[in-house]
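Peer 1: Here it is: the structure, laid out below.
The values are calculated or read from the model by the stated rules, or taken from the named source; none is laboratory data. Predicted, not measured: the structure shown is a model, and the values here were computed from it. Glycine gets a Cβ as well: all are built from the backbone with ideal geometry, and neighbour counts include every protein chain shown. Each accessible area value is taken on the protein alone, full model and side chains, heavy atoms only, with ligands, DNA and RNA left out. Shrake-Rupley method; radii C 1.70, N 1.55, O 1.52, S 1.80 Å.
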Amino acid sequence: MMQLSNTPISSFFINGREIFIKRDDLLHPEFSGNKARKLAYFLEKDFSHIITLISYGGVQSNLMYSLSALAKLKGWQFIYYSNRVSARAKLAEYGNLAESIRNGMQLIELSEKNLNEYVKIRHTSNFELIIEQGAAQAEAKFGITKLADELREWVQENNIKKPILFLPSGTGATAFYLQNALEEYDVYTTNCVGSSQYLQEQWSALGKSSKLPKVLDNNLYTFAKPYLELWQTYNYIKELAGVEFDLIYDPIGWKMLLQDLSNLDGTVIYIHCGGLLGNSTMQERYYFSYPQLKNIG
Ligand SMILES: *Cc1c(COP(=O)(O)O)cnc(C)c1O
């Protein structure tokens, strides 16, 4: 039986302040972190009429890999559209792309700018299931509400007075549905992809909400680009917490959170969103940009 919910919460100290971590990285590796939560609906409900799964986006995507595992598990074909894929990415023997292809994913490269529109026009059959880029869609709410229930139960059992939930955002769907399901607490996030304005637009596209997450504005770091200070943050937290985090979202998440920590009045619970399979390829990119890191680790 795959573990797809009910993860533990661990903690560590930063300057005497206890920080908690919701260990969703301990979910089944094929559906790790928030991708397990976002795809829970498709895993649990009956989709036996489906023949082909369709999705699109970048080939570093953690979601793409989880989709390939989902398709394999369900016996579906899986077609994934992406804009031009670099030769280096295609040659990688491990990481999200290599593993997805091993799971049977069919990668189609397009120069089309609007992949969303392309997919919607082309795939209209009832036997095809389209999952949006990043699974930013209403079905994600199902699994994220389960995550919210687990957090609420833990907060109540441990008598935490003012919980502050934090996670870094890509599409922002996880933060949005988490705040929706836990209106009594504050959810904080930071924009890793695009501006904080982009995140607000993503949220209005997902629907109405009486309470939105609060954004610690990242206007410094470009998505999936190596930065020495983020590498330091990644290693600092890894050492201090004894937990490995993903190298794309979490270094930005921790950097922004640590910067603002003294202004945040409450008990911080960081949601570990998994995604460690992508670390090997991101580490390569760090070594490529900063060869000196190879020796000092
Ligand atoms: C996908 C992902 C996120 C962002 O999730 P969104 O719901 O798209 O905001 C954050 N962290 C990790 C490790 C992820 O894989």
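Peer 1: Are there any helices (runs of 4 or more DSSP H) wholly within segment 190-297 with 2 or more residues that are under 23 Å from GLN179 (Cα atoms), and if so which?
Peer 2: Once the helices (runs of 4 or more DSSP H) in segment 190-297 are filtered for at least 2 residues that are under 23 Å from GLN179 (Cα atoms), what remains is 196-206, 250-260.
Yes or no, residue by residue, for (1) of a type in the set (Lys, Arg); (2) open to solvent by less than 10 Å² (accessible area, probe 1.4 Å); (3) more than 30 Å from LEU91 (Cα to Cα):
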position: ILE248; (1), (2), (3): no, no, no
position: PRO251; (1), (2), (3): no, yes, no
position: TRP254; (1), (2), (3): no, yes, yes
position: LEU257; (1), (2), (3): no, yes, yes
position: ASP265; (1), (2), (3): no, no, yes
position: ILE269; (1), (2), (3): no, yes, yes
position: GLY274; (1), (2), (3): no, yes, no
position: GLY278; (1), (2), (3): no, yes, no
position: ARG285; (1), (2), (3): yes, no, no
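Peer 1: Between LEU27, LEU97, which is open to solvent by 10 Å² or more (accessible area, probe 1.4 Å) and aliphatic (A, V, I, L, M)?
Peer 2: Exactly one residue qualifies, and that residue is LEU97.
Peer 1: I need every pair where a residue in segment 162-182 that is farther than 24 Å from LEU247 by Cα has its Cβ under 6 Å from the Cβ of a residue that is more than 6 Å from the ligand (Cβ to nearest atom) and assigned to a helix (DSSP H, G or I), sequence separation at least 6 or different chains.
Peer 2: PRO163/VAL155; ALA181/THR145; ALA181/ALA148; LEU182/ALA148
Peer 1: Looking at ALA136, is it on the phi < 0 side of the Ramachandran plot and surrounded by 15 or more Cβ atoms within 10 Å (Cβ to Cβ)? Spell out the reasoning first.
Peer 2: Details: on the phi < 0 side of the Ramachandran plot: yes; surrounded by 15 or more Cβ atoms within 10 Å (Cβ to Cβ): yes.
So ALA136 passes the test.
Peer 1: For the list (1) within 20 Å of SER68 (Cα to Cα); (2) within 16 Å of the ligand (Cβ to nearest atom), I need the number of the one condition that VAL119 fails.
Peer 2: Of everything listed in (1) within 20 Å of SER68 (Cα to Cα); (2) within 16 Å of the ligand (Cβ to nearest atom), VAL119 misses just condition (2).
Peer 1: Still on this model: Would you check if there is a residue in segment 59-73 being modelled with pLDDT of 95 or more, part of a loop (DSSP other than H, G, I, E, B) and more than 15 Å from the ligand (Cβ to nearest atom)?
Peer 2: no
Peer 1: Assess whether SER55 counts as being of a type in the set (Gly, Ala, Ser), part of a strand (DSSP E or B) and either surrounded by fewer than 17 Cβ atoms within 10 Å (Cβ to Cβ) or touching a residue at least 40 places away in the same chain (Cβ under 8 Å) (or both).
Peer 2: yes
Peer 1: With the requirement that a residue be within 11 Å of the ligand (Cβ to nearest atom) and not in a helix (DSSP H, G or I), what does segment 32-52 give you?
Peer 2: SER32
Peer 1: Quick one: count up the residues across segment 87-109 that are in a strand (DSSP E or B) and out of contact with any helix residue (DSSP H, G or I) (no Cβ under 9 Å at 6 or more places or on another chain). Give the derivation first.
Peer 2: Taking segment 87-109 and keeping what is in a strand (DSSP E or B), we get 106-109.
Applying the additional criterion that residues be out of contact with any helix residue (DSSP H, G or I) (no Cβ under 9 Å at 6 or more places or on another chain) yields 106, 108-109.
Residues in segment 87-109 being in a strand (DSSP E or B) and out of contact with any helix residue (DSSP H, G or I) (no Cβ under 9 Å at 6 or more places or on another chain): 3 in total.
Peer 1: Just to be sure I understand, how many residues within segment 178-212 are of a type outside the set (Val, Ile, Thr), away from the ligand (no atom under 11 Å from the Cβ), open to solvent by less than 30 Å² (accessible area, probe 1.4 Å) and touching a Pro at 6+ places or on another chain (Cβ under 7 Å)?
Peer 2: 2
Peer 1: Within segment 1-18, which residues are β-branched (Val, Ile, Thr) and closer than 22 Å to LYS35 by Cα?
Peer 2: Correct list: THR7, ILE9.
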